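Below is one structure, written out as structure tokens, with a few remarks after it.
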Amino acid sequence: MLRSFLPVGQGAFYREVFQFDDGRHTLVYDCGSSTDRSIVEQQIENDFSKDEIIDAVFISHLDEDHINGLPFLLKYCRVQKLFFPLITTKDKVYLKLNALLSTGERGFLYHFIQNPYNALTSLRLNHSPHFFLISTEQDEGWNDIDAPRILSGDNVAGTLDLDLSEKMDWELIPFNFRQKDRIETLKAAIAEIFHCRGECSEENLEELICYSSENKDKLKEVYRRVRGNFNTNSMTLFSGRRDHRFSQSYALPKHFCCCNCCRKENGCLYLGDYDTSGAAKWEMLRKAYDKYWKYIGCIQIPHHGSSHNYNEEISNLDAINIISAGMKNSYRHPHSSVIKDLIMKDRTVHIVTENIGSQVDLKVDVP
């Protein structure tokens, strides 16, 4: 299997390719960039064949820099299944505010948040991807979407037609974390700035979503008050096999090492923009992946290396660390404190930018 971290700048676009006797099978985690969406589209044309089958796409959260390449990917390739976190009906309103703040228009992201089926219908695809909502036991949202709901922590490899779980005992473990503290901060800030009595009603917020130049600055002020980012949910994913005989190492000559020091456990933990800061949030993540922790040999550092989303516990993992960040972003990503912590603990860290030479490819060897 080949695991690739593709160079799209301030965004996220990751791919895993499995080669079996019956052909090639592909998984994608996130597909977007705020540096330049055309970079993602060019990357898709370079790395995928026209009408190539992608067995599954996992979307960590509904934010522009993680999803804006999805429409082109859906048109260029034939995506079979789409996994994304279930969003509660109330949280949808706040995410649509964020979409308008990011793009200034009711584009694909806005309509996807409103109703994913309608958003894909507008693309006029010649195929119909199947949706799967990753939920928690408490989630009640998107009641108007008729799609299977999968409980966080379940192995979804068995739902794929290639059946990775049967062929090589591979596991794909998504987990939907609802970031409640961030939601409460967001609600309080909106209520204060827009002078709502108590919590703003959904009707009030729908009026804000109509968007005008007058309240654009107000929305930006709301954004600044929310520590980290605007996301209400983050879906993480473990991809790997609970078997120490499997390992991963660099696939390309520029990263070649003649000894075994660069060989790591085969699993990868994709964190999207999950907030790992603080003991409580870290413990939630650790508990969610307790059975898989000792098989993690690669980790995607959350939120482009932001210090707000980082936890120094990450550097205690003997893993290859990947940070996706644009070379000229305005967010101070990655933060120097994150890089310093990883380097001081002798961890390998790669910053994958829009520079094509920054791509990292890891090969998982099968004994």
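The values are calculated or read from the model by the stated rules, or taken from the named source; none is laboratory data. None of these values were measured; they are calculated from a predicted model. Glycine also receives a Cβ, built like all others from the backbone with ideal geometry; neighbour counts cover every protein chain displayed.
Whether any residue in region 155-166 is crowded, with 17+ Cβ neighbours inside 10 Å, hydrophobic (A, V, I, L, M, F, W, C), at pLDDT 70 or above and not in a helix (DSSP H, G or I) is what I want to check. If you could, list the steps in order and put the result at the bottom.
Of all residues in region 155-166, those crowded, with 17+ Cβ neighbours inside 10 Å come to 156-157, 159-160, 162, 164-165.
Then drop every residue that is not hydrophobic (A, V, I, L, M, F, W, C), which leaves 156-157, 160, 162, 164.
When the remaining residues are screened for being at pLDDT 70 or above, the result is 156-157, 160, 164.
Filter once more, so that each one left must be not in a helix (DSSP H, G or I): 156, 160.
There is at least one residue in region 155-166 that is crowded, with 17+ Cβ neighbours inside 10 Å, hydrophobic (A, V, I, L, M, F, W, C), at pLDDT 70 or above and not in a helix (DSSP H, G or I).
Could you check region 14-56 and list, in sequence order, the residues that are of a type in the set (Phe, Trp, Tyr) and either in contact (Cβ under 8 Å) with a residue 60 or more places away in the chain or more than 15 Å from Leu70 (Cβ to Cβ) (or both)? First the steps, then the outcome.
First, pick out the residues of region 14-56 that are of a type in the set (Phe, Trp, Tyr): 14, 18, 20, 29, 48.
Selection gives Tyr14, Phe18, Phe20, Tyr29.
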Item to check | Pair list, Cβ under 7 Å, 6 or more apart: region 91-103 residue touching a residue at least 12 places away in the same chain (Cβ under 8 Å) and part of a helix (DSSP H, G or I), other residue buried (at least 19 other Cβ atoms within 10 Å of the Cβ) and of a type in the set (Ser, Thr, Tyr) | outcome: Asp91/Thr232; Tyr94/Thr232; Leu95/Thr232; Lys96/Tyr110; Ala99/Tyr110; Leu100/Tyr110
Checklist entry - Say we look at region 259-284 and pick out the residues that are surrounded by fewer than 19 Cβ atoms within 10 Å (Cβ to Cβ) and touching an Asp or Glu at 6+ places or on another chain (Cβ under 8 Å); which of these is modelled with the highest pLDDT? => result Trp282
Next on the checklist: So, Gly297, is that one of a type in the set (Gly, Ala, Ser), assigned to a helix (DSSP H, G or I) and within 30 Å of Glu41 (Cα to Cα) or not?
Outcome noted: no
Checklist entry - Among (1) among the acidic types (Asp, Glu); (2) surrounded by fewer than 18 Cβ atoms within 10 Å (Cβ to Cβ); (3) assigned to a helix (DSSP H, G or I), where does Asp341 come up short? => result (2)
Checklist outcome for this item: Reported set for region 183-210 where residues are modelled with pLDDT of 70 or more and either basic (Lys, Arg) or touching a strand residue (DSSP E or B) at 6+ places or on another chain (Cβ under 6 Å) (or both) is Lys187
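Within region 50-69, is even one residue assigned to a loop (DSSP other than H, G, I, E, B), more than 19 Å from the chain's Cα centre (by Cα) and not charged (D, E, K, R)?
As a first pass, look at region 50-69 and keep what is assigned to a loop (DSSP other than H, G, I, E, B): 50-52, 55, 59-63, 68-69.
Next, only the ones that are more than 19 Å from the chain's Cα centre (by Cα) stay: 50-52.
After this cut, where a residue has to be not charged (D, E, K, R) as well, the list is none.
Checking region 50-69: not a single residue is assigned to a loop (DSSP other than H, G, I, E, B), more than 19 Å from the chain's Cα centre (by Cα) and not charged (D, E, K, R).
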Item to check | Members of region 308-326 found to be surrounded by fewer than 21 Cβ atoms within 10 Å (Cβ to Cβ) and modelled with pLDDT under 95, listed by number | outcome: His308
